[in-house]
Structure formats: C-alpha cells, structure tokens
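In what follows, a single structure is set out as structure tokens and then discussed.
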Amino acid sequence: MVKGVNFVNIKDVGDPVECAMEYERQGADELVFLDITATTEERQTMVDIVRQTAASISIPLAVGGGVRSVDDFRALFDAGAAKVSINSAAVKHPELISEAVDAFGSERVVLAIDATSVDGVYHVLIAGGSIDAGIGLPSWAHRGAELGASEILLTSLDADGTKGGFDIKMTKAVCDAVKVPVIASGGGGSLESFVDVFKQTDVDAALAASIFHFGELTVGDVKQELMSHGIPVR
C-alpha cells in the first residue's frame with residue numbers, strides 16, 4: 001500500500017490486508033483499493049490482493065485501476081469486490097460503462113475521475129493523472145452518469161495528498177452536474193476539512209488516505225466530529 005502527493009513521490013505505507021482490517025475496526029463504511037500504476041504499466045489490477053482483502057473484511061470493497069474490459073470487471077467481482085471503478089478506459093471507450101452496467105448492474109459500476117484545474121477550467125486526467133484527456137470535468141461526469149455509472153469517485157490531483165482540504169469548488173461543480181452520489185477524494189487532512197466538504201457541497205461521501213495511513217486521525221475521530229456538526233454518519 002502506498003501514498004503520494006499530487007500523484008507523485010510515492011511512499012510505502014503498509015500492508016493492504018492488515019490496514020483494511022484495521023480500518024474496518026475503526027468504523028470505515030467502505031474501502032477503496034486503487035491500483036495506481038496498473039494503467040500506466042499496462043497490466044491488470046492485482047487480483048490476488050483484492051481477493052485476500054475482500055476475504056478479510058465484511059464492509060464493501062471498491063476496486064479500480066487497470067480495468068479495460070467487462071472481463072476485468074468480472075475478475076474483480078469474482079475476487080470479492082463489491083464495486084469496480086473505471087477511469088482511463090471509460091474516457092477512451094465510454095461504451096464500456098454501459099456494457100458493464102448491462103452485465104453487472106448499475107450499483108456495482110463506479111466512474112472514477114481524476115481532475116485538475118487548468119487556467120480556472122477543470123480538466124479530466126487519465127493514465128494516473130499523467131495525461132490531460134482534453135475534456136471538461138462536469139460534462140464528462142454528467143455523461144458517465146447518463147451511461148449508467150451509479151457513483152462518481154472524484155479525485156482532485158491538485159489536492160491529493162496535500163492534507164490541505166478537499167477541493168470544494170471542483171467537488172461542487174461535479175455535484176451540480178450529476179444526480180448520482182459523488183465521493184470527494186484528495187486533500188482530507190483535518191477534522192475541519194471533512195466538515196467543510198459536507199457542509200459546502202452536496203457530496204455523499206468523503207475518501208481519505210494519508211491521515212489514516214499515518215495515524216493522524218482515525219475513522220472514528222472523523223465520524224464523531226461530523227456528528228457533532230449535525231452531519232449524519234453510519
């Protein structure tokens with residue numbers, strides 16, 4: 001398991017199976033496993049790790065990275081994933097979203113989007129954030145939802161790993177563009193940052209890595225803070 005800042009300077013932060021079990025104990029609602037180099041290395045997601053992780057926890061496991069075909073979806077579902085996210089391949093072949101929805105149901109298909117701000121305009125990124133896809137963020141999120149994706153997992157490259165707070169403006173732009181649930185990712189670094197993203201946008205969930213991986217906060221800490229501000233949690 002690794003973590004970086006702005007998708008670079010990657011550091012090893014532990015064993016994914018052990019950490020998954022710990023986060024379930026802390027009260028995480030869902031775990032997201034993203035194989036961040038599967039696409040750029042042109043290989044499939046590490047199915048064995050997915051299988052080991054899924055067998056060790058009872059909460060839902062969402063998996064993404066290197067998913068290029070309906071068969072890739074099937075392999076991950078067979079390994080125990082509850083949901084599968086698709087990013088780069090969806091941009092290149094949007095029809096793959098609807099094909100996966102037809103095969104497995106909308107509730108199991110997530111559209112993951114990495115994005116950045118370029119001169120004030122939000123651009124979609126692919127290949128682990130290394131390539132600008134040349135399409136606008138809100139319109140792509142809207143199209144993905146129309147094709148059947150049940151959720152949008154939005155990661156801000158600009159905020160990723162910085163622990164400086166979620167990208168509120170970017171998240172709000174996507175929430176305003178779609179009717180499906182949106183998961184905010186990138187920048188969660190304090191209790192206040194979680195409160196802000198739920199108070200200032202219509203996001204349905206917030207994903208974080210660094211603060212949990214490095215033991216700065218627990219999932220329970222975050223949930224307690226949200227409840228104290230009247231934000232409902234499971």
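The values are calculated or read from the model by the stated rules, or taken from the named source; none is laboratory data. All values reported here derive from a predicted model rather than from experimental measurement. Cβ sites come from the backbone with ideal geometry, for glycine too, and all protein chains shown count toward neighbours. We work out accessible area using only protein heavy atoms, side chains counted, and drop any ligands, DNA or RNA first. Shrake-Rupley method; radii C 1.70, N 1.55, O 1.52, S 1.80 Å.
Some notes on this structure:
- Annotation note: of S156, S193, S150, S139, the sole residue that is open to solvent by less than 30 Å² (accessible area, probe 1.4 Å), farther than 22 Å from D35 by Cα and not β-branched (V, I, T) is S193.
- Of everything in region 69-124 that is assigned to a helix (DSSP H, G or I) and among the basic types (K, R), the residue that is farthest from R143 (Cα to Cα) is R74.
- Filter result (in contact with a strand residue (DSSP E or B) (Cβ under 8 Å, 6 or more places away or on another chain), of a type in the set (A, V, I, L, M) and open to solvent by 30 Å² or more (accessible area, probe 1.4 Å)) within region 203-233: A205, A206, L207
- Positions within region 68-86 being open to solvent by less than 10 Å² (accessible area, probe 1.4 Å) and under 12 Å from E99 (Cβ atoms), in sequence order: F73, I86
- Whichever residue in region 175-194 is farther than 20 Å from S85 by Cα and not in a loop (DSSP other than H, G, I, E, B) and, among such residues, is nearest to the chain's Cα centre (by Cα): F194
- When residues of region 1-51 are limited to those that are out of contact with any Leu (no Cβ under 8 Å at 6 or more places or on another chain), part of a loop (DSSP other than H, G, I, E, B) and at pLDDT 95 or above, the one most open to solvent (accessible area, probe 1.4 Å): D29
- Evaluation of M170 against the conditions (1) open to solvent by 20 Å² or more (accessible area, probe 1.4 Å); (2) of a type in the set (A, V, I, L, M, F, W, C); (3) over 19 Å from P94 (Cβ atoms) shows that the sole unmet condition is (1).
- Taken over region 97-124, the residue count meeting the criterion of being open to solvent by 10 Å² or more (accessible area, probe 1.4 Å) and farther than 14 Å from L34 by Cα is 18.
- Residue check, A133 within 20 Å of S185 (Cα to Cα), in contact (Cβ under 8 Å) with a residue 60 or more places away in the chain and not in a helix (DSSP H, G or I): no
- Being in contact with a Gly (Cβ under 9 Å, 6 or more places away or on another chain), assigned to a loop (DSSP other than H, G, I, E, B), surrounded by fewer than 18 Cβ atoms within 10 Å (Cβ to Cβ) and at pLDDT below 95 is a description that applies to G164.
- Number of residues in region 52-66 that are assigned to a loop (DSSP other than H, G, I, E, B) and open to solvent by 10 Å² or more (accessible area, probe 1.4 Å): the value is 5.
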